[in-house]
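Take a look at the structure below.
Where a number appears in this text, it was derived from the coordinates with a stated rule and is not lab data. It should be emphasised that the depicted structure is a prediction, and the values quoted were computed from it without experimental measurement. In this analysis, Cβ positions are derived from the backbone assuming ideal geometry, glycine residues included, and neighbour counts consider all displayed protein chains.
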Amino acid sequence: TQLLEQSPQFLSIQEGENLTVYCNSSSVFSSLQWYRQEPGEGPVLLVTVVTGGEVKKLKRLTFQFGDARKDSSLHITAAQPGDTGLYLCAGVDSGYALNFGKGTSLLVTP
Amino acid sequence: DVKVTQSSRYLVKRTGEKVFLECVQDMDHENMFWYRQDPGLGLRLIYFSYDVKMKEKGDIPEGYSVSREKKERFSLILESASTNQTSMYLCASRVEGYEQYFGPGTRLTVT
């Protein structure tokens, strides 16, 4: 199993602040996926990044895949309480199963 | 609308009981997965299946078994439940190379 490390582990911010979370590995992945998990629910896919250096935007969320396809970041602009949740990155390689990081738990307070 | 359903959202069992967790997907996906999720440990893969009657061990298979008799159904079995198996159990399905769809999870408590 290839390890994906996410940082920070926990983040508590006020509504309106910006934040960045990171997903790092020593391994190369063919693509990387970001999921968000709300309390008591299963994770839901936010985005898949495929090309090294790729940047994808989803409203206030910006995802970047590193040039070497070993790391990724998620930036949230003007966070809202609805962004609260656990953010998971998952690396896709040649195997059947995804490699998940442990997640960043985000709390946005009004 | 794609869907992965799990038989129970909450389950309380006693130590030593045999426990069945059922998962059904309606997307005709070949690959199905069982994870457990614990605070600080993240998602850990227990077993996965890439076809009917086919199964592979994940990272933490000890104490668990699985069954896949039909493409849409993947069952996780705890042969003799123990307190250290108290956890959130998540089922998922996927077509290789594409999005993984998760069920809502079963929060199992073993007392």
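Observations on the model:
- Efficiency of FRET between B:Arg73 and A:Glu41 - r from beta-carbon atoms, R0 25 angstrom, step 0.05: 0.70
- For chain B, alpha-carbon Rg over 2.2 N^0.38 Å: 0.99
- Added length on full extension, which subtracts the Cα-Cα distance from 0.36 nm per residue, B:Glu62 to B:Ser7: 17.6 nm
- Once each of the trypsin sites (Lys or Arg not before Pro) sitting in a DSSP loop with at most 16 other beta-carbon atoms within 10 Å is removed, chain A keeps A:1-58 as its longest stretch.
- Projected label distance in nm at B:Asp51 and A:Gln80, using a 7 Å step from Cα toward the beta-carbon: 4.6 nm
- Theoretical FRET efficiency, 1/(1+(r/R0)^6), r = Cβ-Cβ of B:Glu17 and B:Leu41, R0 22 Å, to 0.05: 0.40
- Short-range pairs are left out: with C-alpha atoms under 8 Å and at least six residues apart, the relative contact order of the range A:27-97 is 38 percent.
- Gained length - A:Lys56 relative to A:Gln9, 0.36 nm times residue gap less alpha-carbon distance: 14.6 nm
- Separation of alpha-carbon centers, the range A:49-110 and the range B:24-71, rounded to whole Å: 24 Å
- Cβ neighbours within 10 Å from other chains - mean over A:98-104: 4
- Each pair of Cα atoms in the range A:1-76 enters the Kirkwood radius, and Stokes-Einstein at 20 °C and 1.002 mPa s then converts it into a translational diffusion coefficient of 162 µm²/s.
- Karplus-derived HN-Hα couplings along the range A:37-45 (A = 6.51, B = -1.76, C = 1.60, θ = phi - 60°), whole Hz, x at Gly and Pro: 10, 8, x, x, 10, x, x, 10, 5
- Over chain B, relative contact order from alpha-carbon pairs under 8 Å, at least 6 apart, %: 36 percent
- Residue with peak Gaussian network fluctuation, chain B [Cα springs, cutoff 10 Å], from B:Glu56, B:Glu99, B:Glu17: B:Glu99
- Of all stretches in chain B that contain no trypsin sites (Lys or Arg not before Pro) in a DSSP loop with at most 14 other Cβ atoms within 10 Å, the longest one is B:54-111.
- Residues in the range A:58-88 reached by a label modelled at A:Thr20 [backbone nitrogen below 19 Å; 7 Å Cα→Cβ]: A:58-80, A:87-88
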